[in-house]
1. Is there a residue being at pLDDT 95 or above, more than 16 Å from ligand 1 (Cβ to nearest atom) and of a type in the set (Ser, Thr, Tyr) anywhere in the range A:787-805?
2. Which residue, of A:Ala461, A:Ala429, A:Ala468, is touching a Lys or Arg at 6+ places or on another chain (Cβ under 9 Å), touching a residue at least 24 places away in the same chain (Cβ under 8 Å) and either within 16 Å of ligand 1 (Cβ to nearest atom) or small (Gly, Ala, Ser) (or both)?
3. Under 6 Å by Cβ, and 6 or more places apart or on different chains, what pairs join a residue from the range A:670-683 that is over 14 Å from A:Thr649 (Cα atoms) with one that is open to solvent by less than 70 Å² (accessible area, probe 1.4 Å) and assigned to a helix (DSSP H, G or I)?
4. Quick one: how many residues across the range A:809-868 are open to solvent by 50 Å² or more (accessible area, probe 1.4 Å), closer than 24 Å to A:Leu978 by Cα and within 16 Å of DNA strand B (Cβ to nearest atom)?
5. Considering only the range A:929-946, how many residues are crowded, with 19+ Cβ neighbours inside 10 Å and of a type outside the set (A, V, I, L, M, F, W, C)?
6. Can you name every residue in the range A:892-916 that is open to solvent by less than 30 Å² (accessible area, probe 1.4 Å) and either away from DNA strand C (no atom under 16 Å from the Cβ) or closer than 25 Å to A:Glu860 by Cβ (or both)?
7. For the range A:785-808, name all the residues that are surrounded by 15 or more Cβ atoms within 10 Å (Cβ to Cβ) and without any contact (Cβ under 8 Å) to a residue 60 or more places away in the chain.
Amino acid sequence: MDVDEVVVKSEPVDDDDEDEFAIKKPVAKQAPRVPAAAARRRVVNATAVKHEVKREPDVDIEIKPATRIERKPVDRTHWQAVQETLVAPKSDLDAVRVPQGSTKSENVLEADGSLRIFWLDFLEQEGVIHLVGKVLDRASGKYVSACVSINGIQRNLFVKPRPTRFSGGRETDIEVTKADVYQEFDNIRNKHGIEEWRAKFVNRKYAFEDHTVEHGDSEWMKVVYPFDQPEIPVGTSGATFSHVFGANTSAFELLVLKRRIMGPCWLDIKGAEVSTKATSWCKIEFTVSDPKNVNPFKDDDETAPKDTPPLTMMSISLRTIVNHRENKTEILVASVRTWEGVNIEDPTPPEKQPSSVTTIVRPIEKFPPGLEQRARSERSPFQAVKAERALLNSLLATIGRLDPDVIVGHNFLGSGFEALLYRLKELKADQWSRIGRFRRKGFTISKAGSNVRLMAGRLVADLSSDAAKGMISSTTWSLTEMVGTHLKVTREDVDPEDTHTFFDHTLSTPDKLIQFIRLCEIDAYFQMAISSRVQMLPLTKQLTNLAGNSWNLTLNGGRAVRNEFILLHEFHRLKYVCPDKMFNKQKIKIVNEQGEEEEVVAGHKRGKAKYAGGLVFEPKRGLWDTYILVMDFNSLYPSIIQEYNIDFTTVEREEDENAEEEKIPDVPPSDMQQGILPRLIATLVNRRRQVKGLMKDKSASPAKLSQWDIKQQALKLTANSMYGCLGFSGSRFASRPLAALTTFKGREILTHTRELAESLQLDVVYGDTDSVFVNSNVTTYPEALKIANEFKKLVNERYKLLEIDLDATFERVLLLNKKKYAAVKIDEAGSRSTEVKGLDMKRREFSKLSKDASATVLKEILSGDATENVVNKIHEYLTSLGETVRSGEVPIEDFIIFKRLGKNPEDYPDKKSQPHVQVALRMKAKGTAVRAHDVIPYVLCLGLDGKTARSAQADRAYHPDDLRRSGSELKVDYDLYLDSQVLQPVLRLCESIEGTERARLAECLGLDPARYTSSSGNEMQERAFFTFESQITDKERFKDASPLTVRCPSCEGTFTFDGMQADGTDGVTVLRHKGVQCALCDAPVHPASVAIQMETQIRSYISKYYLGWTVCDGDGCNARTRSMGVYGRRCLGFVKPDCKGTVHPEYTDLQLYNQLLYFRHLFDADKALSTTRGSARFDEVRTLTQANAKLLADCVGVADKYLDRNGRRYVDLGSLFGFMERIRL
DNA sequence: ATGCTAGGGGTGTTCA
DNA sequence: TGAACACCCCTAG
Ligand SMILES: [Mg+2]
Ligand SMILES: [Mg+2]
C-alpha cells in the first residue's frame, strides 16, 4: 500500500468534512476584504484596476493616466468578495449521507410493491435499459439514487411485402402471399442465427421520403424478437419483401415510444425486484422483467408524485499542466463544489444555497514551504496531496460519497474530462468508474467520439456544450467573459504558460500557490452560478419533456435528436412506420446503388445551400428620419406549415429526384385533412398561448412565473426547430421538398405583403425573410401606430393563421446594406433605444477599440443633429482617437480580436493566411489544447522590422498572453488597427452621409489619405442617395452657395453666371444661344474661359477648406485659429484667456461640397430639362442646352473632376492633395 | 457527430 | 492585371 492510499483513507467516508463549514456565512454589506497581494496583482488586469479604483480609493495601486477614450464604468464585484459569501450547509443532519447499500427496499417500495422513480438518465447494454433516477427513502426522508434494469425489451421490425415476386433483378407476375413472406424471412433469420421470433401481419402507414416504399395505409409483417438475438443488417430485402424497417432501432427508443415516456418524469414500476448485481454505484438497484410494467403516471392520477425531486449538483473545476517530456496532460488541482437537495425550478441563486467544497492540490515537484500547514489552517481548508494519483483517488471518493445527479462544468467534455479520463486510466485510480454511475471494468477511451457514456447516470451540464451556447449570449463563451457579463464579477485569468510559476517550490511562502488554488476553486461556483442564471437545467428539462428523449441528449446533443424523438412519438402513436436511423456508411451505400449521385450525404462541411430560403429586399440605403414601421410575421415558418397544411402526409412530392431543378411541390387542397406536423405545431402554439395567459396572472409568485416562462420558451423553441430539421439531410425526418415548399411560401407571402404596402402608397425600404420595413412618412408615434394598425389589419385579413405585427418603430434608421442596419427604436412611452443589426460592431472579429469607435460614430449619425455638426464631431472624435491610440494609452484588452476555428488548426489548407489559425498552431505547440470550434483571441502586432502591415498578416497575430508576458517585445500595430478596425467600419457607417469623405476620415486618424481616395467603382452610381438634403429643392439647397462670377475679357468687368434659370425665377440669363455673353458689355466669353474661371474658383474654395480655420463663438472672442482637435471644440483662449466659447470650422466639408454641387448644377443640362419638362420654358431650355452642349458638358466635367461623380459624389481629395502640394511650392 | 438559407466582407487563386 | 471565383467566418432571420 502506498502513501497515496493513506491520504485518501485518512478522510473518513461519512465524516462531516471540515471544509464544508469553512466558508462562513456572508457578512452583510461588509466591503470585501482584499489582501494586499491581490491588489498588487490586479494591476495586470485592467478591468479589475478600474473596479478597485472605484470602490476602494485608499488601496495604493498604480493608476494609469486617464485616457480620452470614453469607457463605460464597470460595476463588477471582485471574485474574492464573492468567494466569502458562499453559504455552507446549515446543520450536521444535512451532511449525513446515505452510504451505498444502506437503503432498504421496504423503505422505497410502495405498499402494493410498486416502485416510484423519477428517471434522469439511462444506459443501454445489449438491449437492457438501466434507468437511473431518484427514489424516496422513507426512512431518511431523502431522495436517493436508484437504478432499474429493464429486461425483455423486444426488437420490432416491419417487413414490407412485395405485391409480386422479385427475381433475376426484375419484377415478375407471380403474386406474393403472406406465407411466402413469412417463409423467406424465416430463412433469413435462420441465416443470421436468430432463434426466437414471432411475426404477424398488421396495418401500418408510411409517408416519408423513400419513394420505393408504398405510401399510405398498407399491410406489413411485424417481426418481434429479443435484443439478445443478432441484428438484421439495415437494407435487407428479398424476393417477397422490399424493405425492412426497425432493424437497428435502439432499445431506448422502443421503450420510450411504447411506454410513452416523455423525458424525465415519475415512473410507476410494477413487479420491480431488488437486485444485488451491483451494476451501478446507485444506493439501491432493481430489475424488471417486462417493460410493460414501466409506465408514466397518468395526468389525472391524484396519488402520483408531481414535483421534480431535489437533485445533487456538483460543479467540477480542474487545473492541468502539460508534461512536455511525456506529452501528457496532468491534473494539478481539482475542486468540486456541491449543492445538495437542489430544487432546479427554484430560482434562488447558488450563492444563497448551502454548498460544500472539496479542493485537492498536488505539487509539480515539491510544495513551497508551509503549504501543507496552510492547507489545514486556512479558513477554507484544502487537501494537499503528494501525487496525482492521490488527487484522483480523493476526487473519486468525493464523487462517490456525494453521488451527484448533475455534473456542471465548463469546457468539461471538451478537454477537462478527457484529460481526467486519461489520468484515471494511466494512474489506475481506484474504482475510476465512480465518475459515472455505472460500474465498469474495461476502460476504453474513445479518441474520436464523445466519452459522455462513461458519465452515464449523471447529467452533464457543460457550459460550452452546443446546447448551452444556444442559451448563453456570449461572443467567446470563455468563463471569464460569461462571469463578467452574466454575473457581473471580475474573474482573473491565468496564462496557462505561467502555471508552473505558481508551483515554484523555491518561493518563501505558499501565498502564490494558494491564490492559484482559490482561483480554481471559485470557478466551480462560477460555473454553477452561470448555469443557474441561464436556467440551463429547467429549460433542458422542459425541452426533453416535450420531445420525449433523454435529458442528457438535450444537454449534450443537437436539436435534431429532439426533433426526431417528438416526431417518432407522434408518428408511432398514429401507427406509422418511421424512417430508420442511418449511419454514414449505410447512406453512402444506398447512394451508390442508385447510380452515381454526386451528393455525399455524410459530408459535414457546410456546402452549398440545397434549396432556396428567405427573401431579402434590397435596402433603400441611407439615413431615414421619418418613422419606419417594422412589420414582422410571427413565427413565419411554423405558421406557414400550419396555414398551408404542409406535412409528410398531405403534400404530394415529385418522385424523381434526378430532375434538373427540384420542383417545388404544390400545397395540398384546402379540404385535405390536417397533417401531423401542422397539428403538432398547433398543439405547441396553443399550449404556449395558454402558458402565456397564465403568466398574466398578477398574483403569481416569481418562481411560478419563471417556471411558466421556461415552459413558454421551450414550446417556442420546439415549434421553431421543426422547419430546420425538415431541411437537415442527417435527420430521419428530413424532407427537402417540404422545407423548400415552406420557404417558397415565405417568399411569396413577403412579396405579396410588399405589394400590398406599395398599393397603399407606403414605401417599403427594407425587409428580410419575414419582415417589411414600411416608411410611414410621419414623425409622430400616434400617426405611425395608426398606419401600422391599418396595414396590419389588411395583411392579416388575407390569412387564416398567419399574423403580421408591429415589431418595432424606428424614429431614425440607417440602412447600410442587406442585414446591416442601425436604428433608434422608440416605444409608446417615448423611450428610445438603439438597435444595431449586423454591423461590424456586432461581430467578434472586431476589437473593443473598433466597437467603441463604431458606437460613438453611430451615436452621432443617429443623433438627429445637423449633418454639419455630426460630421465635425466625427472628425474630432477620430482625431482624438488616433492620438490616444498612438500614445499607447489604450490597454491591450481593447485590441483583442476573436475568431473561431472552423476545423482543427492543422487541417487548414491555407494556414498561412489566417491569423487565428497561426495563433492556434502556436498555442498548440506550447501544449494548450486547441481544437475545432474553439474561439481564438489574438492581437495584430508590428512585424519584427517594426513596420506596419498592409493587411492582417497572419504571422503577425499573437495571443494576448504573449504580449502581456513580461519582457515581450511585441508591439500592437496601431496603424493596422486604425485602418482595418476603425477606419473601415467608420467608412461603412458614413458611406451615405454627405460631407464625410474617405480621405478626410483617414487623415483624422493619422493615416495616409492618398490611399483612400474615392474609388471609381461604377456600381455606386446605382445606389439610391437618400439624405435629408436630397429631398429639398435646388433653390433651398444652394441658398448659401456663393455665385459663380465671370470676368469679362473685353470690358474687364465681373458679372454673375446664373445658369439656365431652370427654376424660372427671373427672365434674364447670361447664357445665350451663341454662348455666354457679358452682362455688362454683351461681348461673348469664350467657353474655355468660363471653364477655367470656374476651376480657379473651385480651387480657392478647396484651399479655404483645407486651411482649416476655425472661429470661436465665445463672447467678444472671435478667435480665428487653425489649432483644433486636441481639446476638441473648446476655445484655446488665445484672444480672451478665459474664453468659454466653442470653435466652429469657418468653412466646412459640407459647405465645400455644396458649393461644388452648385457649380455643377449651373451647367447641368439634364437637370434643367427635367425640372422644366411640361412647363412653358421647356422649349427655350431645350434649344439653349442644345446650342451650348459642349460648353455645358465641359463645365460639368470640370465640376465632376472634383466631385468625382463616379464615386460617391464626394470631393476627391486624392488629386486635391497633389494640388495643395503645388500651391505650397 | 450534425437545424436551415441569405449575405457581407476578408483573403488568396485562377484565368482571360 | 483585374474580375471572377472559392473559401472562411460571422451574422440575420
Ligand atoms: Mg418573426
Ligand atoms: Mg423578423
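1. No, because not a single residue in the range A:787-805 is at pLDDT 95 or above, more than 16 Å from ligand 1 (Cβ to nearest atom) and of a type in the set (Ser, Thr, Tyr).
2. Details: A:Ala461 fails: touching a Lys or Arg at 6+ places or on another chain (Cβ under 9 Å); A:Ala468 fails: touching a Lys or Arg at 6+ places or on another chain (Cβ under 9 Å).
The unique qualifying residue is A:Ala429.
3. Qualifying pairs under 6 Å: A:Ile681/A:Pro638; A:Ile681/A:Ile641; A:Ile681/A:Gln642; A:Ile681/A:Ala719; A:Ala682/A:Gln642.
4. Result for the range A:809-868: 7.
5. From the range A:929-946, those crowded, with 19+ Cβ neighbours inside 10 Å are A:930, A:934, A:936-941; that's our starting set.
From what's left, of a type outside the set (A, V, I, L, M, F, W, C): A:934, A:937-938.
Residues in the range A:929-946 being crowded, with 19+ Cβ neighbours inside 10 Å and of a type outside the set (A, V, I, L, M, F, W, C): 3 in total.
6. Residues of the range A:892-916 that are open to solvent by less than 30 Å² (accessible area, probe 1.4 Å), as a first pass: A:894-897, A:901, A:905, A:908, A:915-916.
Within the range A:892-916, A:Asp894, A:Phe895, A:Ile897 meet the criteria.
7. Within the range A:785-808, A:Leu785, A:Leu794, A:Asn796 qualify.
For every residue, the table says whether it meets (1) farther than 30 Å from A:Gly622 by Cβ; (2) open to solvent by less than 10 Å² (accessible area, probe 1.4 Å).
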| site | (1), (2) |
| --- | --- |
| A:Thr948 | yes, no |
| A:Gln953 | yes, no |
| A:Asp961 | yes, no |
| A:Tyr974 | yes, no |
| A:Tyr977 | no, yes |
| A:Pro985 | no, yes |
| A:Arg988 | no, no |
| A:Thr996 | no, yes |
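The values are calculated or read from the model by the stated rules, or taken from the named source; none is laboratory data. Fair warning: this is a prediction, and the values are worked out from it, not measured in the lab. No Cβ is skipped: glycine too gets one built from the backbone with ideal geometry, and neighbour counts run over all protein chains shown. Quick note on the areas: whole protein, heavy atoms, side chains included, nothing else; ligands and nucleic acids left out. Shrake-Rupley method; radii C 1.70, N 1.55, O 1.52, S 1.80 Å.
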